[in-house]
Amino acid sequence: MSNLNTSLTTIAPAAAGRASGFVPHPSTLGRQGRPLAAAEPANLLVAFALWITKAQTARSRRAALLGLLELDRARLDDLGISRDDLINAMTSNARAGSILHAARARNSSL
C-alpha cells in the first residue's frame, strides 16, 4: 500500500503540470530538481567573453589592413595585392582573409 501512495504522490505533480500546460523537461532540472537557470550568469559571462574576443579580433584585423594600406604601390605589387583589394577586404571584415587570398591568386596568374 505504501508503494501505491508514493507512486500516486509522484504522479500527481506531473499530472498537475500537464493540466497547466507546463511540464519541465528532465534535462532542464539539476540534481536536486532545481532548474538550471542558476547557471545563466555563467552563460552571460561566456557570451561577454566571446564578445570581447570578437571585438579584439576585429580590431587586430583592422590594424593589420590599415598597416598594409600604408605600404606603397610597389610593395603591394610584390605581395600580389592592390589598394582596391585592401579596400574591398576592409569593407567586408569577416571575409578579409579570403578576399586578399583570392586577389593574390588572381594577380599571380597574370
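The values are calculated or read from the model by the stated rules, or taken from the named source; none is laboratory data. From a predicted model like this one, the values you see are computed outputs, not experimental measurements. All Cβ positions, glycine included, derive from the backbone under ideal geometry; neighbour counts span all protein chains shown.
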**Fill in**
The number of residues in the range 57-82 that are assigned to a loop (DSSP other than H, G, I, E, B) and at negative phi is 5
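Mind telling me which of the residues Arg73, Arg62, Arg95, Arg104 ends up being among the charged types (D, E, K, R) and modelled with pLDDT under 85?
Checking each option against the conditions leaves just Arg95.
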**Item:** Leu110, sole failed condition from (1) modelled with pLDDT under 60; (2) of a type outside the set (Gly, Ala, Ser); (3) assigned to a loop (DSSP other than H, G, I, E, B)
**Value:** (1)
**Prompt:** How many residues are surrounded by 11 or more Cβ atoms within 10 Å (Cβ to Cβ) and either without any contact (Cβ under 8 Å) to a residue 24 or more places away in the chain or farther than 22 Å from Ser92 by Cβ (or both) if we restrict to the range 44-65?
**Reply:** 2
**Number of positions in the range 83-96 that are in a helix (DSSP H, G or I) and loosely packed, with under 11 Cβ neighbours inside 10 Å** = 3
